[in-house]
Amino acid sequence: MHLLSVGDLSPKGLESVILETGKIKKKPGEYRSRLKDRVVLMLFEKPSTRTRISFETSILQLGGDVIVVNKAMTQLERGETIKDSARVLSRYVDCIVARVLEHDTLTELSGNAEIPVINGLSDMEHPCQIISDLYTIYEVKGRLRGVNLAYIGDGNNVCNSLLLGCAMTGVNITVASPKGYEPVGEFVGRAVKLAEKTGSSVKVVDDPREAAEGVDFLYTDVWVSMGQESEEEGRLKAFQGYQINKEILGVAGEDCRVMHCLPAHRGLEITDEVIDGSESIVWDQAENRLHAHKAILLRLLG
Ligand code: CP
Ligand code: NVA
C-alpha cells in the first residue's frame, strides 16, 4: 500500500492510525524493535525540518535504519527516469518517503515501486501532516465527529489533505480563501462525497469571519508555499485580511485552539501574539508528527 493521499486510507484505516498514534505516544518503549532490519529511504526535492527529522527519529526509535538523500545527490538530477530509479530502489530499501515538487512524481514513483511510497509533501497533498493533526485534534477534544474547524488561507496542499481528512473523520470544515486561491474543485468534491458518509459539513467561503464563527479550531498555513516564490508579491496582496490574529480569534468559539503546520511566517498568516499565546497548539502539533509517523510506518510496513 502507498500513502500519497489521506484518501488512500479508508475512513476505518485512518481512524485506526489515529488511535494507534495515541497508544504509541503513551508507551513508545513497547514499539522499540518493530522496524528491526527495515531500511527506509527519504528523498527530498525541497527543504524540510519537521518531516525529515520526525520521520528519521521515528524510524530510529522503532529500531529501523534510515537513509536521507537530496535529489541533487542522485542520478535523478542528471535525468535518470523516476521509473528506473523506483525499480532499483525497490531492490535496496523497504519503503520510500518522498517530498516532491510535483505530485505526478509520486504517482510515477509509486506506480513503478515494489515497496510502499509515502508522500512527505507534494504540491497537491501533505497527508502525514494531516493524519498527525487529526490526532492532535482528537487529543484535545477526545473525539473528532462533530468538531468544528476553520481553515483560513491558501487552498494549498495542506488544505487539500485537511479537507479529505476532516470529511473522513466527521470534522465539520469551512475553508476561507480569497478568490482565485480556493482549494481545487477536485478536492472539495471528494471531501463533499466523503462527508456524505460521516455526516460532516464541507464549506468553502471567502469571508474569514464567517468561517471562524464559533469554531473549535482555527488552522492556517503559509500564503506562499515552496515552489511559489515567484508569486509572492501577488499572494501577499491577495491574502490581506486572512491573518489569524486576536480579532479573528474573538469571533471563534470560547475554547478555540489555533493550529499551524509550520514553518510559520510570523506577522503574515499569524501574529506573534497568537502563535505564542495560550490558544496555540502548534508545538504539540509538531511533536505529534513523531508519534503519528510511527503509526503510519507500522501500518505500511509493520
Ligand atoms: N510541516 C512540515 O511539513 O514542516 P517541514 O517543511 O519542516 O517538514
Ligand atoms: N504549504 C506549505 C507547507 C509546508 C509544510 C508548503 O508547501 O510549502
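How many of the residues in region 124-144 are of a type outside the set (Val, Ile, Thr) and either within 14 Å of ligand 1 (Cβ to nearest atom) or under 12 Å from the mean Cα position of the chain (by Cα) (or both)?
Here is the first cut: in region 124-144, the residues of a type outside the set (Val, Ile, Thr) are 124-129, 132-135, 138-139, 141-144.
Restricting the remaining residues to those that are either within 14 Å of ligand 1 (Cβ to nearest atom) or under 12 Å from the mean Cα position of the chain (by Cα) (or both) gives 124-129, 132-135.
Count: 10.
Any chance you could count how many residues in region 192-217 are closer than 17 Å to Gln240 by Cα and surrounded by 22 or more Cβ atoms within 10 Å (Cβ to Cβ)? Quick ask: steps written out before the conclusion?
Within region 192-217, the subset closer than 17 Å to Gln240 by Cα is 205-212.
This time we only want the ones that are surrounded by 22 or more Cβ atoms within 10 Å (Cβ to Cβ), so: 208, 211-212.
Summing the residues that are closer than 17 Å to Gln240 by Cα and surrounded by 22 or more Cβ atoms within 10 Å (Cβ to Cβ) in region 192-217 gives 3.
Looking only at region 119-168, count every residue that is assigned to a helix (DSSP H, G or I), closer than 20 Å to Ser201 by Cβ and hydroxyl-bearing (Ser, Thr, Tyr) and tell me the total.
Matching residues across region 119-168 total 2.
When you go through (1) in contact with a Gly (Cβ under 8 Å, 6 or more places away or on another chain); (2) buried (at least 18 other Cβ atoms within 10 Å of the Cβ) one by one for Leu101, which number turns out not to apply?
The single condition Leu101 does not satisfy is (2).
Which pairs do you get when a residue that is within 13 Å of Gly302 (Cβ to Cβ), found in region 19-33, comes within reach of a residue that is buried (at least 17 other Cβ atoms within 10 Å of the Cβ) and among the aromatic types (Phe, Trp, Tyr), reach meaning Cβ atoms under 6 angstrom, with the pair 6+ apart or on two chains?
The qualifying pairs are Ile24/Tyr31.
So, of the residues in region 257-293 that are under 24 Å from Leu14 (Cβ atoms) and in contact with an Asp or Glu (Cβ under 8 Å, 6 or more places away or on another chain), which turns out to be nearest to ligand 2 (Cβ to nearest atom)?
Filtering region 257-293 for residues that are under 24 Å from Leu14 (Cβ atoms) and in contact with an Asp or Glu (Cβ under 8 Å, 6 or more places away or on another chain), the one nearest to ligand 2 (Cβ to nearest atom) comes out as Cys261.
Can you tell me which residues in region 46-65 are among the acidic types (Asp, Glu) and either assigned to a helix (DSSP H, G or I) or under 10 Å from Gly120 (Cβ atoms) (or both)?
The answer is Glu56, and nothing else.
Suppose we filter region 27-76 for residues that are exposed (fewer than 15 other Cβ atoms within 10 Å of the Cβ) and within 16 Å of ligand 2 (Cβ to nearest atom); how many remain?
Residues meeting the conditions: 3.
For the condition within 16 Å of ligand 1 (Cβ to nearest atom) and of a type in the set (S, T, N, Q), what is the one hit in Asn157, Asn172, Asn148? Steps first, answer last, please.
Details: Asn172 fails: within 16 Å of ligand 1 (Cβ to nearest atom); Asn148 fails: within 16 Å of ligand 1 (Cβ to nearest atom).
Of the residues listed, the single one that is within 16 Å of ligand 1 (Cβ to nearest atom) and of a type in the set (S, T, N, Q) is Asn157.
Take the conditions among the small types (Gly, Ala, Ser), at pLDDT 95 or above and surrounded by fewer than 24 Cβ atoms within 10 Å (Cβ to Cβ) and apply them to Ser225. Does it pass?
yes
How many residues does region 149-175 contain that are hydrophobic (A, V, I, L, M, F, W, C), away from ligand 2 (no atom under 16 Å from the Cβ) and under 18 Å from Glu213 (Cβ atoms)?
Let us first name the residues in region 149-175 that are hydrophobic (A, V, I, L, M, F, W, C), namely 149-150, 152, 158-159, 162-164, 166-168, 171, 173, 175.
Among the residues that remain, those that are also away from ligand 2 (no atom under 16 Å from the Cβ) are: 149-150, 166-168, 171, 173.
Then drop every residue that is not under 18 Å from Glu213 (Cβ atoms), which leaves 149-150, 166, 171, 173.
Number satisfying all stated conditions: 5.
Is there any pair linking a residue in region 144-160 that is touching a residue at least 60 places away in the same chain (Cβ under 8 Å) to one that is assigned to a strand (DSSP E or B) and within 14 Å of ligand 1 (Cβ to nearest atom), with Cβ under 8 Å and at least six apart or on different chains, and which?
Every condition considered, the pairs that remain are Leu149/Tyr219; Ala150/Tyr219; Tyr151/Tyr219; Tyr151/Thr220; Ile152/Tyr219; Ile152/Thr220; Gly153/Thr220.
From the list Val97, Val93, Val117, pick out the single residue that is within 19 Å of Ile296 (Cα to Cα) and within 16 Å of ligand 1 (Cβ to nearest atom).
Exactly one of Val97, Val93, Val117 is within 19 Å of Ile296 (Cα to Cα) and within 16 Å of ligand 1 (Cβ to nearest atom), namely Val97.
If we keep just the residues of region 208-247 that are assigned to a loop (DSSP other than H, G, I, E, B) and touching a strand residue (DSSP E or B) at 6+ places or on another chain (Cβ under 6 Å), which is nearest to ligand 2 (Cβ to nearest atom)?
Per the criteria, the residue is Tyr242.
Please go through (1) within 15 Å of ligand 2 (Cβ to nearest atom); (2) farther than 25 Å from Ile248 by Cα; (3) among the charged types (D, E, K, R) for Glu108 and return the number of the only condition it doesn't satisfy.
Answer for Glu108: the failing condition is (1).
Name every residue in region 250-280 that is in a strand (DSSP E or B) and among the charged types (D, E, K, R), in order of residue number.
Arg257, Arg266, listed by residue number.
Yes/no per residue for (1) within 16 Å of ligand 1 (Cβ to nearest atom); (2) charged (D, E, K, R); (3) modelled with pLDDT of 95 or more:
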position	(1), (2), (3)
Lys237	no, yes, yes
Leu249	no, no, yes
Ala264	yes, no, yes
Glu269	yes, yes, yes
Asp276	no, yes, yes
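If you take the residues of region 258-302 that are polar (S, T, N, Q) and in contact with a helix residue (DSSP H, G or I) (Cβ under 6 Å, 6 or more places away or on another chain), which of them is farthest from Leu60 (Cα to Cα)?
Among those residues, the one meeting the criterion is Gln285.
The values are calculated or read from the model by the stated rules, or taken from the named source; none is laboratory data. Note that this is a predicted model, so its numbers are computed, not measured. Because the Cβ atoms are built from the backbone with ideal geometry, glycine has one as well, and the counts that use them run over all protein chains shown.
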